[in-house]
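Values in this text are rule-based calculations from the coordinates and carry no lab data. Predicted model, so just to flag it, every value in this text is computed and none were measured. With ideal geometry, Cβ positions are generated from the backbone for all residues, glycine too; neighbour counts draw on all protein chains shown.
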Ligand SMILES: [Zn+2]
């Protein structure tokens, strides 16, 4: 028998004669029985959601108060400002923006927000020293918080943030999040790898900062359903990606844009808020919830 009603029993599961196949670990789920998913054995609720996913959850962002219908927050991610303090790959140096460009971007945020009726947020990935030396002062001066996603293995290393600097960042109202342990592709991790990247890294950063770490940024934006569900199981409250588009301000999955060294805020930011982009971002947000069951 194959369930036909609602979203239950439909894609992405394969329907058998009297069972469904879990997309995470390929275990078979008897219709009417209790879920038995090896991947989610520690989180029955998540697994149960896989098999009983109400269509209403996909539409939850639309119904949220205050956000109205369309996503309207653009999150910018800086990977380094000025000249790298330590040698980096050509791909990485492409994302180091000039100091003048960064400062001008922060200065232009209020006018751009007002003109387009949107919100702009700033995040930093990789924990480069320039986050503290250039990124933080401009944010403090502008009265804006930022999110700084650091790598546990690089805390205190040459060219990267120290524990003391991270504590100062938090004391000034910004957030320290996790970018993992070793800056690796999370799609290729085994169980031990997920333990190191999602759990051990968070503990190491929390110990350094002296505060809870509840947000994560996915290295390289490399994600799939398994990565997202591992993050949910690990209890991260918000996850930042490199997926293009606007974000719902309080959504768990946050798309971002990474300015590169040729970035110009006045030229490059306004097109992000076109009606087409807003509609596309909002539709993609719903599609993602359905696709990844998040
Ligand atoms: Zn990174």
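Observations, loosely collected:
- Virtual spin-label span in nm between residue 261 and residue 212, 7 Å along Cα→Cβ: 4.1 nm
- The modelled label-to-label distance between residue 268 and residue 283, using points 7 Å beyond Cα along the C-beta direction, is 2.6 nm.
- Full-extension gain in nm, residue 89 to residue 163, via 0.36 nm per residue minus C-alpha separation: 24.1 nm
- Pairs of alpha carbons in region 65-151 separated by more than 17 Å make up 50% of all such pairs.
- Shape category assigned to region 64-292 from the gyration tensor of Cα positions, a/c cut at 1.5: oblate
- Sorted peptide list for 271-283, 232-244, criterion being average Cβ within 10 angstrom, highest first: 232-244, 271-283
- Calculated FRET value between residue 142 and residue 195, using beta carbons and R₀ = 35 Å, to 0.05: 0.35
- Whole-Å distance, taken between Cα centres, linking region 179-231 and region 128-172: 19 Å
- For the pair residue 224 and residue 108, label points projected 7 Å from Cα toward Cβ lie 3.8 nm apart.
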